[in-house]
Amino acid sequence: MADSRWKVNEERFSFEDLEVWQEAVDFADQCIEIAERIETNRRHYRLIEQFESSATSPAQNIAEGKGRFSKKEFVHFLYIARGSLFETVTLLVIFSKRGWVKEPEFMELKRDAIKLGKRISSLIKSINQ
């Protein structure tokens, strides 16, 4: 779904028009919001930092790939974006098992991740055809 926030002015990057990038940014924002609420002792900060990193990686890789000069390079970065999404979901599962993320929120994020993963895969398929 296109978001009017990205249409502030006429000067834009080409990746900003991609709905999959917009969804990836929204997904990352949701994950960061969760990370900010997690209360655990200091020894788990690295996991939370990794969660934030992997959650923001899909949007970053979609943007970086769109900025490359060939479709092959773009597809390469889309595969990385999808892998980072899977990494994020794995961390969400661990966080859920530890009780750091409640079940309803986990299920919502997992649904969003599945949808985003399908969008990335569809984009890969359409570029490769």
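Across region 48-65, the number of residues qualifying as among the charged types (D, E, K, R) and either touching a Cys at 6+ places or on another chain (Cβ under 6 Å) or crowded, with 19+ Cβ neighbours inside 10 Å (or both) comes to 0. One residue stands out in region 68-125 among those that are among the small types (Gly, Ala, Ser) and in a helix (DSSP H, G or I): the one that is surrounded by the most Cβ atoms within 10 Å (Cβ to Cβ), namely 81.
Check 64, 33, 108, 39 and return the single one that is among the acidic types (Asp, Glu), more than 11 Å from the chain's Cα centre (by Cα) and at pLDDT below 95. Quick ask: steps written out before the conclusion?
Numbers: 64 fails: at pLDDT below 95; 33 fails: at pLDDT below 95; 108 fails: at pLDDT below 95.
Residue meeting the stated conditions: 39.
Taken over region 115-129, the criterion of being at pLDDT 95 or above and farther than 16 Å from residue 28 by Cα is satisfied by 118, 121, 122, 123, 124, 125, 126, 127, 128.
The values are calculated or read from the model by the stated rules, or taken from the named source; none is laboratory data. Here the structure is a predicted model, which is why all the values come from computation and not from measurement. Note that each Cβ is placed from the backbone with ideal geometry, even for glycine, and that neighbours are counted across all protein chains shown.
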